[in-house]
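S.K.: If you scroll down you'll find the structure; I have some questions about it.
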Protein chains: 2
Amino acid sequence: MLELRSLPTDCAARRSDSVCATCGARAFSVCSSLGVDDLAGLDAIAERVSLKSGEALIRQGEPAVHLFNITSGSVRVYKLLPDGRRQITGFLFAGDFVGLATGQDYAFSAEAIEDATLCRFKKSDYRALIRERPALETALLERATHELAAAQNQMLLLGRKTAQERIASFLLDLPERDPIRPTEAGHIRVPMTRAEMADYLGLTIETVSRGLTKLKTAGVIRLLSLNEMLVDRPERLRAIAEGEA
Amino acid sequence: MLELRSLPTDCAARRSDSVCATCGARAFSVCSSLGVDDLAGLDAIAERVSLKSGEALIRQGEPAVHLFNITSGSVRVYKLLPDGRRQITGFLFAGDFVGLATGQDYAFSAEAIEDATLCRFKKSDYRALIRERPALETALLERATHELAAAQNQMLLLGRKTAQERIASFLLDLPERDPIRPTEAGHIRVPMTRAEMADYLGLTIETVSRGLTKLKTAGVIRLLSLNEMLVDRPERLRAIAEGEA
DNA sequence: GGCTCCGCTTGATTGAGATCAATGCGTCCT
DNA sequence: AGGACGCATTGATCTCAATCAAGCGGAGCC
């Protein structure tokens with residue numbers, strides 16, 4: 001276990017200093033549960049992967065052999081129905097973990113929505129590391145618990161909120177999930193398309209577009225560009241999100 | 001830590017033999033990760049609670065001091081919007097675990113939907129037990145991971161499935177979640193009301209009722225009573241659930 | 001520059017499921 | 001037994017978001 005495996009990039013170049021040690025995403029990730037001394041063990045089983053926007057890291061139905069840690073960029077996780085209807089179950093950002101699902105095969109797909117880098121682990125290697133470092137398991141459990149709470153919020157959104165409430169909720173949640181926050185408060189980076197927002201919110205592209213326009217017209221937000229927004233009246237946005245309007 | 005605390009029932013009567021040792025739900029629960037020798041430690045921090053149908057074990061917004069293990073009966077977990085709209089995020093049965101959520105306060109409510117018994121733990125006590133028995137943490141992580149996968153399925157259901165597809169999916173999932181399975185295959189115990197089904201599926205009572213009637217008329221299911229159904233054509237039900245019809 | 005493509009917005013119409021409104025039916029209570 | 005209550009079913013109508021259908025506008029390309 002934990003033996004050094006062949007890596008796609010030059011091993012020699014990385015042997016001297018741990019890549020994990022200088023990883024900008026470490027602070028946001030489960031890796032932070034490991035002490036600096038343990039990073040070598042993590043490094044040894046990690047494989048660095050770069051993805052272009054649109055490329056897949058996980059394909060629904062394929063054998064679940066890998067786990068991933070996002071180190072930069074954004075990823076969409078989704079499930080498909082046979083006729084092509086898509087539900088995006090979450091967006092992942094730097095520090096997020098994916099692939100822990102039990103079961104022989106992946107029950108979902110995951111693709112980069114912008115250029116991304118990630119660490120890939122063989123499930124068996126990672127399991128072995130967990131056995132040696134229980135703090136890692138604690139961190140994973142905490143993260144899974146967080147995600148479960150987020151999933152419950154999303155079920156409330158999908159099952160009971162109106163289109164406008166869903167859009168407002170999304171704009172409020174997005175920045176606190178994404179560790180790459182623009183410096184200014186109220187500034188939202190939106191790395192996904194309208195279609196992706198729609199598939200995440202259980203709506204259509206048109207409804208999302210209309211909803212954003214309505215928020216803009218009401219003076220709640222400004223659309224700086226397709227991928228950047230500014231919240232002018234956060235308290236109003238919060239009220240809309242909770243159906244108090 | 002792990003000291004014997006005052007219990008609502010007669011301690012003397014239970015000191016001689018572990019209640020956990022004879023617990024019918026143990027096999028389905030995270031408790032099964034503990035060896036028989038460790039059950040004493042679990043017993044020491046467990047408080048047995050009985051609930052009548054409708055009584056609450058967790059109230060949204062209250063301090064999150066307890067964890068629970070369901071030992072019999074059924075429980076609904078739900079979130080509310082300020083105006084009263086309700087989303088049931090899950091039903092719990094014997095063996096299920098609830099309350100691990102991070103955060104100071106509970107972010108959801110949980111109530112018995114039929115008479116139920118459960119084990120209650122103080123969060124701090126349970127955390128201490130986890131520290132002593134890492135296998136428990138592994139079991140919890142595995143369970144959380146399962147629930148996460150189930151949550152993703154539910155998001156697909158709520159975001160992208162039609163009313164008919166949701167109802168069919170529910171009838172397929174229900175029996176495999178509930179460990180109290182009637183002996184005959186195709187026989188479904190439905191401990192919840194139509195209103196609860198509706199709030200779980202993101203529908204109204206009327207739509208659920210109409211959907212069930214439609215399945216009955218199509219010869220897919222039979223309604224033996226309000227709380228018992230029989231699936232005559234499971235393959236048909238599966239096709240409907242996946243939108244292949 | 002002008003063309004095309006792609007993602008987004010806006011408008012018109014439709015439809016699935018919500019809402020409103022009786023009615024049915026089993027259980028419990030006196 | 002009769003009545004009343006709670007839950008479920010069934011029917012009629014309405015509404016919000018989906019669908020259908022143009023345009024718009026920026027980015028990339030020849």
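S.K.: Taking 60 Å as R0, compute the FRET efficiency from the Cβ-Cβ separation of B:Arg48 and A:Ala40 and round it to 0.05. Mind showing how you got there, number by number?
M.R.: On the way: r = 47 Å, r/R0 = 0.79.
Computed FRET efficiency for B:Arg48 and A:Ala40: 0.80.
S.K.: Can you give the average number of partner chain beta-carbon atoms within 10 Å of each beta-carbon in peptide B:157-164, as a whole number? Each step should come with its number before you reach the end.
M.R.: Numbers: counts 6, 9, 18, 11, 4, 1, 0, 0.
Shielding by partners across B:157-164 averages 6.
S.K.: Among A:Val30, B:Ala21, B:Tyr106, pick out the residue whose Cα is farthest towards the positive end of the charge dipole of the protein assembly as shown, where Lys and Arg carry +1 and Asp and Glu carry -1 on C-beta, about the Cα centre.
M.R.: Of A:Val30, B:Ala21, B:Tyr106, it is B:Tyr106.
S.K.: Convex hull over the Cα atoms of the protein assembly as shown, averaged projected area in nm²? Walk me through the numbers on the way to the answer.
M.R.: Values: hull surface 100.6 nm².
The Cα convex hull of the protein assembly as shown, projected and averaged over all directions, gives 25.1 nm².
S.K.: Going 7 Å from Cα along the Cα-Cβ axis for the label, what nanometre distances separate B:Asp83 from the same residue across the other copies?
M.R.: 3.0
S.K.: Can you tell me which of A:Gln152, A:Gln60, A:Gln87 moves the most in a GNM of chain A? Springs connect C-alpha atoms under 10 Å apart.
M.R.: A:Gln152
S.K.: Here is a follow-up. Report relative contact order for chain B in percent, whole number only (criteria: Cα-Cα under 8 Å, sequence separation at least 6). Don't skip to the end; give the middle numbers.
M.R.: Numbers: 389 pairs, mean separation 45.5, N = 245.
The value is 19 percent.
S.K.: Would you mind working out the magnitude of the charge dipole of chain B relative to its Cα centre, with +1 at each Lys and Arg C-beta and -1 at each Asp and Glu C-beta, to the nearest 20 Debye?
M.R.: Values: 32 positive and 33 negative charges, 109 e Å.
Rounded to the nearest 20 debye, it is 520 debye.
S.K.: Moving on. How large is the dipole of the range B:11-150 about the Cα centre if only Lys and Arg carry +1 and Asp and Glu carry -1, each at its Cβ, rounded to the nearest 20 debye?
M.R.: Numbers: 17 positive and 18 negative charges, 41 e Å.
Approximately 200 debye in magnitude.
S.K.: What's the ranking of B:168-180, A:193-205 by average number of surrounding C-beta atoms within 10 Å, highest first? Each step should come with its number before you reach the end.
M.R.: Numbers: B:168-180: 18.2, A:193-205: 19.9.
The peptides rank, most packed first, as A:193-205, B:168-180.
S.K.: Follow-up question, since we're still on this one. Do the alpha carbons of any pairs in A:Lys79/A:Lys123; B:Lys79/B:Lys214; A:Lys123/B:Lys122; B:Lys161/B:Lys214; B:Lys161/B:Lys216 sit beyond 24 Å of each other, and which pairs?
M.R.: On the way: A:Lys79/A:Lys123 21 Å; B:Lys79/B:Lys214 29 Å; A:Lys123/B:Lys122 33 Å; B:Lys161/B:Lys214 17 Å; B:Lys161/B:Lys216 20 Å.
Cα-Cα > 24 Å for B:Lys79/B:Lys214; A:Lys123/B:Lys122; rest within.
S.K.: Now for a different question. Run the helix sum for chain A: -39,500 (n - 2.57) per DSSP H stretch of 4+ residues, divided by residue count, reported at 222 nm to the nearest 500 deg cm²/dmol.
M.R.: -11500 deg cm²/dmol
S.K.: Modelling each spin label as a point 7 Å along the Cα-to-Cβ direction, I'd like the B:Ala239/A:Asp83 distance in nm, to one decimal.
M.R.: Between B:Ala239 and A:Asp83, the simple spin-label model gives 1.4 nm.
S.K.: How many Cβ atoms of partner chains, on average, are near each residue of B:210-216 if near means within 10 Å of its Cβ? All intermediate terms of the calculation are to be shown ahead of the outcome.
M.R.: On the way: counts 0, 0, 0, 0, 0, 0, 0.
So the per-residue partner count for this stretch is 0.
S.K.: Follow-up question, since we're still on this one. Please compute, for peptide B:77-84, the average count of beta-carbon atoms on other protein chains lying within 10 Å of each residue's beta-carbon.
M.R.: Across the residues of B:77-84, the mean count of other-chain Cβ atoms within 10 Å is 4.
S.K.: A further question on this structure: Dipole magnitude of the protein assembly as shown about its Cα centre, charges +1 at Lys/Arg Cβ and -1 at Asp/Glu Cβ only, in debye to the nearest 20? Don't skip to the answer; put the middle values down first.
M.R.: Details: 64 positive and 66 negative charges, 215 e Å.
Its charge dipole is roughly 1040 debye.
S.K.: Obtain the nm distance between the two label points defined at B:Asp173 and A:His146 by a simple spin-label model: each point lies 7 Å from its Cα along the Cα-to-C-beta direction.
M.R.: Computed distance between label sites B:Asp173 and A:His146 equals 2.5 nm.
S.K.: Are there any helices in chain A, counted as whole DSSP H runs, that stretch 24 Å or more along their axis by Cα and score at least -1.0 on average by Kyte-Doolittle, and if so which? Numbers along the way, then the final one.
M.R.: Numbers: long enough: A:134-160 (39 Å, 0.10).
Flagged H segments are A:134-160.
S.K.: Further, regarding this structure: With a Förster radius of 30 Å, plug the Cβ-Cβ distance of A:Thr213 and B:Glu206 into 1/(1 + (r/R0)^6) and report the FRET value to the nearest 0.05. Don't skip to the end; give the middle numbers.
M.R.: Working: r = 33 Å, r/R0 = 1.10.
That pair, A:Thr213 with B:Glu206, gives E of 0.35.
S.K.: Would you mind putting B:213-225, B:136-148 in packing order, based on average other-beta-carbon counts within 10 Å, highest first? Numbers along the way, then the final one.
M.R.: On the way: B:213-225: 14.5, B:136-148: 19.9.
Descending mean neighbour count gives B:136-148, B:213-225.
We did not get these values from a lab; they are worked out from the coordinates using the rules stated. These numbers come from a predicted model, not from an experiment. So basically every Cβ, Gly included, is an ideal-geometry build from the backbone, and we count neighbours across all protein chains shown.
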